[in-house]
Amino acid sequence: MEQIINLHIEKLPEGVYLATSTEIPGLVAQGRTVAETLEIARDVVKKLLEAQVERQKTFNFPPMKDSFDYPLVVGV
């Protein structure tokens with residue numbers, strides 16, 4: 001099942017990007033580019049959710065809508 005998780009991404013003074021989320025406690029991902037940071041965040045979320053399932057705790061995500069806005073990041 002796919003879910004939308006809102007991430008907060010910021011560029012740190014060191015030049016790397018940091019992703020966190022208020023929806024997924026413990027989610028912290030850092031990468032050299034936004035794309036790399038998103039890829040790492042996706043992997044971290046999967047691992048965090050798998051760990052929660054093992055502990056028999058579940059996240060109650062709202063149902064995913066048929067349409068949603070997505071910010072597309074394009075480097076020029």
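The values are calculated or read from the model by the stated rules, or taken from the named source; none is laboratory data. Model, not experiment: these values are computed from the prediction. Heads up, the Cβs are rebuilt from the backbone with ideal geometry, glycines too, and the neighbour counts pull from every protein chain shown.
Observations on the structure shown:
- Here THR58 does not qualify as modelled with pLDDT of 90 or more and of a type in the set (Val, Ile, Thr).
- Just so you know, in the range 22-71 the residues that are among the hydroxyl-bearing types (Ser, Thr, Tyr) and touching a strand residue (DSSP E or B) at 6+ places or on another chain (Cβ under 8 Å) include one that is farthest from ILE5 (Cα to Cα), and it is THR33.
- Number of the condition not met by ALA29 [criteria: (1) touching a residue at least 24 places away in the same chain (Cβ under 8 Å); (2) in contact with a helix residue (DSSP H, G or I) (Cβ under 7 Å, 6 or more places away or on another chain)]: (1)
- A single member of THR20, THR37 is touching a His at 6+ places or on another chain (Cβ under 8 Å), surrounded by 12 or more Cβ atoms within 10 Å (Cβ to Cβ) and either within 30 Å of VAL76 (Cβ to Cβ) or not β-branched (Val, Ile, Thr) (or both), and it is THR20.
- Residue selected from the range 44-76 under the condition hydrophobic (A, V, I, L, M, F, W, C) and in contact with a helix residue (DSSP H, G or I) (Cβ under 8 Å, 6 or more places away or on another chain), by the criterion surrounded by the most Cβ atoms within 10 Å (Cβ to Cβ): PHE59
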